[in-house]
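Enquirer: Please read through the structure below; I'll follow up with questions.
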Amino acid sequence: MSPREQLTEKSQEAMQAAQTLAEERGNPEIEPEHLAVALLEQPRGTAAPLLQAVGADPARVHDDFARAVDHFPRVEGGTHDITPSRRTQRIFKTA
């Protein structure tokens, strides 16, 4: 079973949204910050309620991660394969 097949449907949706975000921004890799933004933007997702439960402001956390994404390297022109970064791969291996 591939790593992608081991993900829940919501996790697969979040990973696809993270890839789309990276593509839209011209980022060559999917970083954990892309995934965090995608998780926080998921309709009926669990990330925002979990953050609220521990006293964090989901909107502020989202904005912090979105600002971090703004500083990632960009690739101009042409098409390129967007793959998970080593940091993102490590998170999935650990999980």
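Enquirer: What full-extension length gain, to one decimal in nm, is calculated for T8 and E41 as 0.36 nm per residue of separation minus the Cα-Cα distance?
Expert: Here the answer is 10.2 nm.
Enquirer: Toward the positive end of the charge dipole of the chain, about the Cα centre and with charges on Cβ (Lys, Arg +1; Asp, Glu -1), which of Q89, P73, P43 goes farthest?
Expert: The one lying farthest along the dipole's positive direction is Q89.
Enquirer: To continue, here is another question. Quick one: dipole size for the chain, taken about the Cα centre, charges +1 on Lys/Arg Cβ and -1 on Asp/Glu Cβ, in debye to the nearest 20.
Expert: About 340 debye.
Enquirer: Run the paramagnetic zone check for A53: 7 angstrom along Cα to Cβ, then residues of the range 30-47 with backbone nitrogen under 11 Å.
Expert: 46-47
Enquirer: Under the rule a/c < 1.5 gives rounded, and otherwise a/b versus b/c splits prolate from oblate, where does the range 32-95 land using the Cα gyration tensor?
Expert: prolate
Every number in this text was worked out from the coordinates using simple rules, so none of it is lab data. Just so you know, these numbers come straight off a predicted model, no measurement behind them. Cβ atoms come from the backbone with ideal geometry, glycine included; neighbour counts cover every protein chain shown.
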